[in-house]
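Comments concern the structure below.
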Amino acid sequence: MRRKLTSGHAFVALGANLPLDTPNPEDTLRSAMAAMIPLSQQLPVLSGIYESEPKDCPPGSPLYLNAVVGILPRADEDPLTLLHKLQAIELRFGRTRSGVINESRTLDLDLLAFGDKEMDTPELTLPHPRAHQRRFVLQPWLEIAGNEWLLKGRTLGDWLLECQDPPLSRLQEW
Ligand code: ADP
Ligand code: MG
C-alpha cells in the first residue's frame, strides 16, 4: 500500500557508486535510508533501488545505484536545515569531495523538493535543477509519488516520457 503523500513532503535522491563498509553500495543506500528516519514525522516512503549507467561522469566511473525517499519534515525544519542534515549523513557515510564534477561517491543525498518551495541560491536550488532530466531520479520518484506530484508544472511521468536516458534495471524486491 502506498502511504499518502502530502504537499508538505520532501523528496531526497540517493546515489552511490563506491563501496563503503561492504563491497556493495546497496548496503550503503539501505543504511542511509534508515538514517533518514529521524528526519521525518512519518516513516519514510522508499522507492526500490535502481542501477544506472554513470551520466556525465569521469571515464571509468562504476555503475550507480539510485533510489528516492519521501519524508515528512518536522515543523521546525526548513530546506536549508534539512540540506545540512543530509550533508551530515553523507559525511557519516564516507563522502569526500575533491572538486571533480560528478566524481564517484560512497553516498550522495540531493534534495529534490521540499513541498512546493522554490529557491535558487548557490547553496540550494529547489526543486533540484537537474531532477527533471534524469531517469535515475524520475523513475524511483514516480514509483513513490505517482503522477500526483508536479515538478515544474508537469507530472513525473510526462518528464520521463521526454527523458532520453537509457532504461534502468530495478533490483529485486526487498
Ligand atoms: P552533485 O550532487 O551535483 O554531484 P555535490 O553533492 O557535491 O554534487 O553538491 C554540490 C553542491 O550543490 C552542494 O554544495 C550543495 O550546496 C549544492 N546544491 C544546490 N542545490 C542542491 C539540492 N537541491 N540538493 C543538494 N545539493 C544542492
Ligand atoms: Mg549532491
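A short reminder: the numbers here are calculations on the coordinates, not readings from a lab. In this text the structure is predicted, and so the values were computed from the model without any measurement. Because the Cβ atoms are built from the backbone with ideal geometry, glycine has one as well, and the counts that use them run over all protein chains shown.
Things to note:
- The GluC sites (Glu not before Pro) of the range 136-174 that DSSP puts in a loop, and whose beta carbon has at most 15 other beta carbons within 10 Å, are Glu173.
- Using just its DSSP H runs of length 4 or more, each adding -39500 (n - 2.57), the chain gives a mean residue ellipticity at 222 nm of -7500 deg cm²/dmol after division by all residues.
- Nonlocal amide H pairs with Val68, under 5 Å, H built at 1.01 Å: Leu14, Ser47
- Surrounding net charge for Val137, when Lys and Arg each add one and Asp and Glu each subtract one, Cβ distance under 9 Å: +2
- A cut-off of 5 Å between modelled amide H atoms, ignoring neighbours fewer than 5 places along the same chain, links Leu151 with Leu156.
- For Lys55, a cut-off of 25 angstrom between C-alpha atoms picks up these lysines, skipping any fewer than 8 places away in its own chain: Lys152.
- Rounded if a/c under 1.5, otherwise prolate or oblate - the chain, Cα gyration tensor axes: rounded
- Counted by neighbouring Cβ atoms within 10 Å, the residues Ile101, Ile89 run from fewest to most as Ile101, Ile89.
- For Leu63, net neighbour charge (Lys/Arg +1, Asp/Glu -1) across residues whose Cβ lies under 10 Å away: -2
- Take the Cβ atoms of Glu53 and Gln172, set R0 to 22 Å, and the FRET efficiency comes out at 0.70.
- Farthest towards the positive end of the charge dipole of the range 1-146, among the residues Gln42, Asn17, Val137, is the Cα of Gln42, using unit charges on the Cβ of Lys, Arg, Asp and Glu.
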